[in-house]
1. Excluding residues on the same chain fewer than 8 positions from Lys18, give the aspartates and glutamates whose Cα lies under 16 Å from its Cα.
2. I want the local charge near Cys300. Using Cβ-Cβ distances under 13 Å, sum +1 for each Lys or Arg and -1 for each Asp or Glu among the other residues.
3. Averaging sequence separations of C-alpha pairs under 8 Å and six or more residues apart, then dividing by the length of the chain, give the relative contact order as a whole percent.
4. Rounded to a whole number, what % of the accessible area of the chain do carbon and sulfur atoms account for, probe 1.4 Å?
5. For the range 401-412, just list the computed ³J(HN,Hα) in residue order, Karplus coefficients 6.51, -1.76 and 1.60, θ = phi - 60°, integers in Hz, with x standing in for Gly and Pro.
6. Which of Leu161, Leu277, Leu87 moves most in a GNM of the chain, Cα contacts under 10 Å?
7. Residues of the chain: accessible area per residue at 1.4 Å, in Å²?
8. Based on the Cβ-Cβ distance of Asp58 and Asp289, what FRET efficiency does E = 1/(1 + (r/R0)^6) give at R0 = 51 Å, to the nearest 0.05?
Amino acid sequence: MGMTMTQKILAAHAGVCKVSAGQLIEADLDLVLGNDVTAPVAIEEMKKMAVEKVFHKDRIALVPDHFTPNKDIKSAENCKCMREFALQQEITNYFEIGEMGIEHALLPEKGLVVAGDVVIGADSHTCTYGALGAFSTGVGSTDMAAGMATGKAWFKIPAALRFVLKGRPPKWVSGKDIILHIIGFIGVDGALYKSMEFTGDGISHLTMDDRFTMANMAIEAGAKNGIFPVDETAIRYMKEHSIRQFKRYEADVDAEYEHTYEIDLSSLKPTIAFPHLPENTHTIDAIGDIKIDQVVIGSCTNGRMEDLRTAAQILEGRRIAKGMRLIIFPATQSIYLQAMEEGLLATFIHAGAVVSTPTCGPCLGGHMGVLAAGERAVATTNRNFVGRMGHVEAEVYLASPAVAAASAVTGRISGPGELGL
């Protein structure tokens, strides 16, 4: 039996010719990532190991993004811990306020991840980089500490699910709708500790932003990682952003998959995940009149240029509903600047939105958008658990930037079609 794409990458980094599902390996790491929530814990653990130096100063990335700009004393202390560690260890890829961004948008933009890499990050959405054909996965802070110290990590080789994407998605159907559709039918544990491998001719119709979104939310199906083939779209992105050499891996024709799902992208509709799980999905034509109080557009899932352009296209010449709060946060400083230069920020502000510096704050109910009891929000984020964005009696509906922007205008969950678009 052959190997999947993920299995080939892990085998290469373990220095073996072949691996199989369930096997334990120790693999070399190309990058270790931490943020202002998880890195301070890892730094303390590394101190306990009595290790004086990280394994490679160029292959650690520290990004303060969750509670920054610092919302309180504790978050300031966490960032100070990271800053001092980065200085002492001469970490090349430490991104402070002014050059930081949301980690999972920032690292590909900076060219720090390329196809064929093995990346761990002390954040569950580290699986984002599978969009580039890398194996990337979230780990705990202790594993991050071991990774920083040794440049290695232990893995159990995941079994795999194959998703064959066919056809072209209709207008207003994006990567967010596709991954919500998938999670809706396999469930939040449908890919538990498995690799979600996306194939099929439909991939050619997906932009890199679509792919980043889909790989990002593989964890919401319980997956160990999500991964896309390395096609011309991915190669073009890497050449534009990175000077590193990449390695292209392809699944063997006789690779073993636990299940294969075929998805006709042309049949999909804008999809929304109702509270309180990403699997609780409904299409836009099958929901009732659900009034909302707040819309959040941004995050590591949907804060990239394509997402902002989609939102601006819908908001252009329109105003948000009376009493509505619309928060938009570009995922990186570069995206923020480009959106400003393209006039998108003016469109947002004229529509009644507030535009934030890059931060994860609203997504995890940390700051800058916390919900009160009884409030409802439509968000382009990735999780809608109880209490995720604030009070346990608040509700979060996950949606694409197109649905989020249209909903901000109408004051209830709506698709662009309701605005005649």
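The values are calculated or read from the model by the stated rules, or taken from the named source; none is laboratory data. Keep in mind the model is a prediction, meaning the values are calculated, not measured. Every residue, glycine as well, gets a Cβ built from its backbone with ideal geometry; the counts of neighbours run over all protein chains shown. Side chains are part of the model used for accessible areas, which takes the heavy atoms of the whole protein and leaves out ligands, DNA and RNA. Shrake-Rupley method; radii C 1.70, N 1.55, O 1.52, S 1.80 Å.
1. Here the aspartates and glutamates satisfying the reach criterion relative to Lys18 are Glu26, Asp28, Glu250, Asp252, Asp254, Glu256.
2. Working: positive: Lys176, Arg304, Arg383; negative: Asp65, Glu103, Glu109, Asp123, Asp209, Glu220, Asp307.
Neighbour charge sum, excluding Cys300 itself: -4.
3. Values: 1052 pairs, mean separation 73.3, N = 421.
Relative contact order for the chain comes out at 17 percent.
4. Numbers: 8250 of 15950 Å².
Carbon-and-sulfur percentage of accessible area, whole number: 52.
5. With the stated coefficients, the range 401-412 comes to x, 5, 5, 4, 5, 5, 5, 5, 6, 8, x, 8 Hz.
6. Maximum fluctuation in the GNM of the chain, among the listed residues, is at Leu87.
7. On the way: 15950 Å² over 421 residues.
Per residue, the chain has an accessible area of 38 Å².
8. Numbers: r = 54 Å, r/R0 = 1.05.
The value I calculate is 0.40.
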